[in-house]
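To start, the structure under review is shown below, and the notes come after it.
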Amino acid sequence: KAFSDVELNFADYDEENPAVAWSANYVKAAVALGLMKGSEVDGKLYLNGNNSISRQEFFAIFARAMQITDKDESYKEADIEKFVDKDKIAPWFVDNIKYLVHNKIVDGNPVGDGKYTINPEGQILRC
């Protein structure tokens with residue numbers, strides 16, 4: 001109920017729809033706390049609630065949740081050059097991955113010679 005006044009402006013989410021109504025308070029909380037922001041396509045904002053989630057999308061939500069209480073911004077100096085696939089990291093995700101690397105939550109998968117892969121576009125599993 002704390003987030004019942006939050007307005008959801010996603011083109012693909014109707015909180016009155018019985019199929020998703022159960023999630024409305026959770027989605028409102030996530031939006032109000034800045035955890036979920038949606039994706040903009042052709043001027044419309046989409047939640048994409050039926051889509052799978054990429055590693056960078058999951059990591060972004062995780063980092064944003066931690067940053068609710070952690071206001072230290074020294075992570076912005078974190079080095080992500082060790083990731084051989086850093087060119088695949090979406091611009092909106094760079095600060096999130098720096099935060100997670102700086103706090104030793106994510107270090108990537110080793111590929112040799114001190115290099116790693118982060119696989120930002122890969123899908124994440126629930127288990």
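For GLU40 and GLU15, FRET efficiency with R0 = 22 Å and r from the beta-carbon atoms, rounded to 0.05? The value I calculate is 0.65. I'd like the FRET efficiency for GLU81 and GLU121, computed as 1/(1 + (r/R0)^6) with the beta carbon distance as r and R0 of 22 Å, rounded to 0.05. Taking R0 as 22 Å, the efficiency between GLU81 and GLU121 is 0.70. Using the 1.4 Å probe convention, the accessible area of the chain works out to 68 Å² per residue with neighbouring protein chains retained. Remark on LEU45: its backbone amide H falls under 5 Å from those of ALA11, a criterion applied only to residues 5 or more positions apart or on other chains, H modelled at 1.01 Å from N.
What is the dipole size for the chain, taken about its Cα centre, with +1 at each Lys and Arg Cβ and -1 at each Asp and Glu Cβ, in debye to the nearest 20? Each step should come with its number before you reach the end.
On the way: 15 positive and 21 negative charges, 72 e Å.
Dipole of the chain, to the nearest 20 debye: 340 debye.
Here the 3J(HN,Hα) profile of segment 11-23, calculated from phi with Karplus coefficients 6.51, -1.76 and 1.60 at θ = phi - 60°, is 5, 10, 9, 10, 5, 7, 5, x, 5, 10, 4, 4, 8 Hz, Gly and Pro shown as x.
For Cα extents along the principal axes in Å, the value computed from the atomic coordinates appears in the list (i) 53, 32, 29; (ii) 60, 26, 21; (iii) 56, 37, 21 under label (i).
For a straight C-alpha distance cut-off of 23 angstrom, the lysines reachable from LYS88 (same-chain residues fewer than eight places away being disregarded) are LYS37, LYS76, LYS98, LYS104, LYS115. Run the simple label-point estimate for ILE53 and ALA90 please: 7 Å along Cα→C-beta, distance reported in nm. Rounded to a tenth, the inter-label distance reads 1.3 nm. Listed values for segment 79-94 are Karplus-derived 3J(HN,Hα) couplings in whole Hz (6.51 cos²θ - 1.76 cosθ + 1.60, θ = phi - 60°), namely 8, 10, 5, 5, 8, 5, 9, 4, 5, 8, 6, 5, x, 6, 9, 4, and x replaces Gly and Pro.
The values are calculated or read from the model by the stated rules, or taken from the named source; none is laboratory data. All of these numbers come straight from a predicted model, not from anything done at the bench. So basically every Cβ, Gly included, is an ideal-geometry build from the backbone, and we count neighbours across all protein chains shown. These area figures cover heavy atoms from the full protein model, side chains too; ligands, DNA and RNA do not enter into them. Shrake-Rupley method; radii C 1.70, N 1.55, O 1.52, S 1.80 Å.
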